[in-house]
Amino acid sequence: MAYERHADDARAVANLDEAFHTRIVAAVGNDEMTRIQQDIAERIRIIRRLDFTKTPRIAANYDE
């Protein structure tokens, strides 16, 4: 699915990516799974932000 506007700021993309995954897990309605996902998201937040400092990774993220 193509979008007209994409964020290109690494921090913004990382925040959007984390929110996307958080919402998917929350939609399942399993509180334990949500807790585990939040714990993992917190642990990998710095990696996610560093990853999105590379323009090709931002593009790949939108493609995925």
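Each reported figure results from applying straightforward, stated rules to the coordinates on display, with no laboratory input. Treat the numbers as computed from the prediction; the structure is a model and nothing was measured. Cβ sites come from the backbone with ideal geometry, for glycine too, and all protein chains shown count toward neighbours.
Numbers below:
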{"quantity": "Gain upon complete extension [residue 5, residue 35; 0.36 nm per residue less C-alpha separation]", "calculated": "7.7 nm"}
{"quantity": "Full-stretch length increase - residue 62, residue 42 - with 0.36 nm per residue and alpha-carbon distance subtracted", "calculated": "5.0 nm"}
{"quantity": "Length gained when the stretch residue 54-residue 26 is fully extended (0.36 nm per residue, less Cα-Cα span)", "calculated": "7.2 nm"}
{"quantity": "Over the chain: Rg over Rh, Cα atoms, Kirkwood Rh", "calculated": "1.01"}
{"quantity": "Expected 222 nm ellipticity per residue - DSSP helices of 4 or more, -39500 (n - 2.57), all of the chain, to 500", "calculated": "-25500 deg cm²/dmol"}
{"quantity": "Environment charge of residue 24, counting only residues whose C-beta is closer than 12 Å and scoring Lys/Arg +1, Asp/Glu -1", "calculated": "-1"}
{"quantity": "Helix runs (DSSP H) in the chain reaching 20 Å along axis by Cα, Kyte-Doolittle at least 0.0", "calculated": "10-28"}
